[in-house]
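A.B. asks: Dropping the structure in here first, questions after.
Since every read-out is calculated from the coordinates, none of them should be taken as a lab result. Given the structure is predicted, the values throughout are model-derived calculations rather than measurements. Neighbour counts are summed over all protein chains in view; Cβ atoms, including those assigned to glycine, are modelled from backbone coordinates with ideal geometry.
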C-alpha cells in the first residue's frame, strides 16, 4: 500500500514510474483502449475545499479504470460535525479501497494515513498540491521532451503550488527559481531542502528568476480561503506577473503553465495566457491522466 501525502515522501523513481504510467494511460484513452486496472474498487473523495478539476478528473478517472468514486463533502460526513479524523479514517477504511481528500490542513491528510488501512491521496492542502504538480511535470516533459536540466520559474505567492513545484522540479532534475514578495516566500523547510538538494533560488526580482527559463508558472494571488485578503494582495503582488516583459527574458520558446482558475490581468496578462492556452489546457487535461496513474500506483493490488 502506498500513499501520496506530499512529494517529499516519494523518490525520483516513484515520480517517474507514475509519469510513465500516465503517458501510457493517456495513449490508451486517446486510442480507445480500455484499462480497467481498478475494476471493482471504490474511491471516497472527501471535499472540504470545492474544486472543478479535482472532482471531475478523479471521478472520470475512476470510471475509466473500472471502479467508482463517491463524492463526500464535509456536509455529508460526521467529520464536518466534529467526529475525529482518526475515527473517520478507521470507519472509511472498512468501506472503501482508497481516499482522496482535498482540505485545508496537511495534518488532516497525515492523520488519515496514520489511522486508516487504505491508500490516502492528497488532492490539495494549504501546504502542498502533489497531484497538480505530477500533471505539470507530465506536461513539461510532453512539450520539452525532458525534465532534466530544464529551468522552471514560479512567479507569485509562495503557496502550496510553489512548495510542491520546488520539490517535484528538483527531484526530477530541474533547476527551480521562485519569485515572490519577501513576506510571501515558500515554506522555509522546503527552501532549505531545495538549497541542499538541487539548483534553487528564491528572489523578489521577477526578471532575475525568469531569465533563461524554459517554463514559467504562476497561480492566483489569493487562494481559496484568502478572499478577504484579495485587495491587499493585489497591491503587494502587482509586479509579480507573467507579461511581455517577463517573457522577453525567458527563453524564446519558453512555455507557460497555470494551475487554474486564472485571473487574467492579475498574475498573468490575457495576451500571454491566450498565446500559451494550448499548454495550459494540456496541463489541465493531464490532471486526469496523472491522477489515474496515481490511483493505480497506490491502489492496485
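A.B. asks: For the chain, what does -39500 (n - 2.57) per DSSP helix run (n ≥ 4), summed and divided by total residues, give at 222 nm, in deg cm²/dmol to the nearest 500?
C.D. replies: Details: 12 runs with 133 residues, N = 301.
Helix-only estimate at 222 nm: -13500 deg cm²/dmol.
A.B. asks: By how many degrees, between 0 and 90 and to the nearest 10, does the Cα long axis of helix 160-171 differ from the longest principal axis of the chain?
C.D. replies: The angle comes out at about 90 degrees.
A.B. asks: Under a crude label model (7 Å from the Cα following the beta-carbon direction), how far is residue 107 from residue 52 in nanometres?
C.D. replies: Between residue 107 and residue 52, the simple spin-label model gives 3.3 nm.
A.B. asks: If you don't mind, there's one more thing I want to ask. Taking the structure as given and computing Kirkwood radius over Cα pairs in Å, which label from [x] 18.8; [y] 19.5; [z] 24.1 fits?
C.D. replies: Recomputing Kirkwood radius over Cα pairs in Å here picks out [y].
A.B. asks: Full-extension gain between residue 245 and residue 30, please, as 0.36 nm times their residue separation minus the C-alpha to C-alpha distance.
C.D. replies: Residue separation times 0.36 nm, minus the Cα-Cα distance, leaves 73.7 nm.
A.B. asks: If I model a spin label as a point 7 Å beyond the Cα along the Cα-Cβ vector, how far apart are those points for residue 232 and residue 17 in nm?
C.D. replies: 4.5 nm
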